[in-house]
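What follows is one structure encoded as structure tokens, with my remarks underneath.
The values are calculated or read from the model by the stated rules, or taken from the named source; none is laboratory data. What you see is a predicted model, and the numbers here were worked out from it, not measured in a lab. Cβ sites come from the backbone with ideal geometry, for glycine too, and all protein chains shown count toward neighbours. These accessible areas exclude ligands, DNA and RNA; they are computed on the full protein's heavy atoms, side chains included. Shrake-Rupley method; radii C 1.70, N 1.55, O 1.52, S 1.80 Å.
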Amino acid sequence: MSGVVVHLPRGSGGADGDERRADAVTLRLGPGEVARFGRGSPGTPVELRLADAAISRLAGEIRVTDDHWQLTNHSSTHSYLVENPEGAGEYLRVPPRRLGAPVPFEFARVVLPTRGEHPVTFQVFAPDHLYLDPEAMGVPWGSSTVTAYSLDETATYFLVLVALCEPRLRDQSRVAVPTTPRIVERLRTLPGCAGLSARAVSSHIDYLAEEKLRIAAPGGDPGKGDRRNGKREEIVGLALRFGLVREDHLALLPPVTGAGGREGQAAR
């Protein structure tokens, strides 16, 4: 299993006095590993520091299993919310002192209450969800297989993947892979994507490359932009070679406007 990725966006770690936590934090956990979160202290170390006075020094922990993750709430007074940003408002409420609550969402946002204007939040990308091969249904378990690339076609990361592949699917040529601002603009009219930010798109691309498609980082030591472009090229190449994204998936995107078709995509 690929494990869990926990991401605390830049500036989302709460406030400690007058100073807001500025740095983004990304943790990668394998099955059996645990990450603790909270204000922390010299005697209470935490892997994810949430610097807000309303949050306990040890507020909770994330524990990874083979196929999901669990959330423990160490607070004696506050419930935590686990939201599904890609669903229709689904969420879990984890009450105080709840131990090991299983989280079924593939992509989740953990929300902790504060006394400030905004709650403290961080994101969790779950282990790959496993699906049986439809042709193997009805046969003994020992003969069943699972898919090599477990992709949820209703998830936002899949829309990002389709948008990355769109120019080559429309042109059948080696045109440039879309930039992050271009993907934001392409998806913003879709339901649930109006607030999609460039940072969120970059997180989805990292998730696709590192967790879903398991693409190794490009070789050498190029600049940051070159690494990012190389990662996108690898994602698009693999998705198209294995048919993970096909022409019929273009129907998930908004209609092409302006020149449209081959000429419109080539111009972009």
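Details
- For the stretch 47-120, a crude dipole built from +1 on the beta carbon of Lys and Arg and -1 on the beta carbon of Asp and Glu, taken about the Cα centre, is about 460 debye to the nearest 20.
- Accessible area per residue was computed with a 1.4 Å probe on protein heavy atoms; V46 scores about 30 Å².
- Hz values of 3J(HN,Hα) by residue in the stretch 59-67 - Karplus curve (6.51, -1.76, 1.60), Gly and Pro given as x: 7, x, 8, 10, 10, 9, 10, 5, 10
- Accessible area in the full protein assembly, largest first, 1.4 Å probe, for L58, L151, L71: L58, L151, L71
- Close amide H partners of Y80, meaning residues 5 or more places away or on another chain with modelled amide H under 5 Å apart, are V94.
- Highest mean packing first, where packing is the average number of other Cβ atoms within 10 Å per residue, the peptides 99-106, 35-42 line up as 35-42, 99-106.
- Environment charge at V111 (Cβ cut-off 11 Å; Lys +1, Arg +1, Asp -1, Glu -1): +1
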